[in-house]
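Okay, so here's the structure we're looking at.
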Amino acid sequence: MTRIRSVPADPAVRGTAPAAVPALALALALAAACPVSAAEPRSGAEVYTLVCAACHDAGVAGAPTRGDTNAWKPLIAEGQKALSREAIKGVRGMPARGGRPDLSDLEVRRAVAYLSNAAGAKWVEPAK
């Protein structure tokens, strides 16, 4: 294996670059491994398919299933703002943001509107 050695031009900092290289490589590797939010926020349907469906399709841990009007009726009655706030923070068996910390508040609010509308709510998917 060939080692590449970097030597700074300034003699005052000579010897500091090789120690910085592994730290930089680690930082770049971690950044590449971490999920990044899309440049354009995802729609409620996209977030549902990507994240929410895993539990809300099958009712995992008591999650109300998509389209179940009886299960969603009392949740819809709480209102869009309150229900969105609970989804962002986590509620009952659901972790905050559905277990996806990379989702923005807007994406979670859109998914809440999408799921609620599938059960009869008439909420507008948030634009911002």
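The values are calculated or read from the model by the stated rules, or taken from the named source; none is laboratory data. Here the structure is a predicted model, which means the values were calculated and not measured. In this analysis, Cβ positions are derived from the backbone assuming ideal geometry, glycine residues included, and neighbour counts consider all displayed protein chains. For accessibility, only protein heavy atoms count, side chains too; no ligands or nucleic acids. Shrake-Rupley method; radii C 1.70, N 1.55, O 1.52, S 1.80 Å.
General remarks:
- Cβ-based net charge around residue 88, under 9 Å, with every Lys or Arg adding one and every Asp or Glu removing one: +2
- Heavy-atom SASA rank of 100, 92, 85 (probe 1.4 Å, accessible area, largest first): 92, 85, 100
- Relative contact order (%) - criterion: Cα under 8 Å, at least six apart; region: the stretch 62-128: 35 percent
- Here the Karplus curve 6.51 cos²θ - 1.76 cosθ + 1.60, taken at θ = phi - 60°, turns the phi angles of the stretch 67-82 into couplings of x, 7, 4, 5, 6, 7, 3, x, 6, 4, 5, 5, x, 4, 5, 5 Hz, with x standing for Gly and Pro.
- Entry comment: accessible area of the stretch 49-127 is 54 Å² per residue, from protein heavy atoms only and a probe of 1.4 Å.
- Under 5 Å between amide hydrogens, built in the peptide plane, is the criterion, and for residue 90 it picks out 97 among residues at least 5 positions away or on other chains.
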